[in-house]
Amino acid sequence: MKKSLVLGVVVGILAMAGALFAQKDEEEGPTSWLNFIVLKEDNGKPVRNASVVMHPVNSHGKQEKGGMELKTDLDGKANFNGIPFGKLRVQVLATGFQTYGEDFDIDKPKMEITIKLKRPQGQLSVYGDHPADAGSAPKQSSPPPDQNDKKPN
């Protein structure tokens, strides 16, 4: 008799806990499983060890506190299950590439997001004496002409 009473109480508690967790999930809303693929734009090869940073975005377009960072594997892939539906700001950072950033509307239970990273572009200058390519050396200006070609005393 005591065993059946204890068993009944345990089953009742578990049933209530299950109902509470189910209710909490419904209040938080649906979530999505995101699969990211990060590729090089110029040749389509995967970018390994890229940082994929995700931040929720509120209804005013402002980035909210919190967020998560994933790293891509050898195939340029990273994934996460449990992202709430709504706006999500995604930034991707990788050595040797321009930083990528875009807002996505997460609205499906499973989404695949392909990101193509660009190589850095040459920098332009409004000044004529600066190189257009960040890797080249600046132009050397010639020394001013000597006055009367005199040697110092």
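Can you name the strands (runs of 3 or more DSSP E) wholly within region 50-153 that have at least 1 residues being surrounded by 12 or more Cβ atoms within 10 Å (Cβ to Cβ), modelled with pLDDT of 95 or more and among the polar types (S, T, N, Q)?
51-56, 77-84, 86-93
Just the residues that are over 16 Å from Ile37 (Cβ atoms) and among the acidic types (Asp, Glu), please, taken from region 91-119.
Correct list: Asp103, Asp105, Asp107.
Each row is one residue, and each column tells you yes or no for (1) at positive phi; (2) of a type outside the set (A, V, I, L, M); (3) out of contact with any Cys (no Cβ under 7 Å at 6 or more places or on another chain).
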{"position": "Val38", "(1), (2), (3)": "no, no, yes"}
{"position": "Gly44", "(1), (2), (3)": "yes, yes, yes"}
{"position": "Gln63", "(1), (2), (3)": "no, yes, yes"}
{"position": "Thr72", "(1), (2), (3)": "no, yes, yes"}
{"position": "Gly96", "(1), (2), (3)": "yes, yes, yes"}
{"position": "Ile106", "(1), (2), (3)": "no, no, yes"}
{"position": "Lys118", "(1), (2), (3)": "no, yes, yes"}
{"position": "Gln121", "(1), (2), (3)": "no, yes, yes"}
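The values are calculated or read from the model by the stated rules, or taken from the named source; none is laboratory data. If you're wondering where the values come from, they're calculated on a predicted model, not measured in any experiment. Cβ coordinates were reconstructed from backbone atoms using ideal geometry, including for glycine residues, and neighbour counts include every protein chain displayed.
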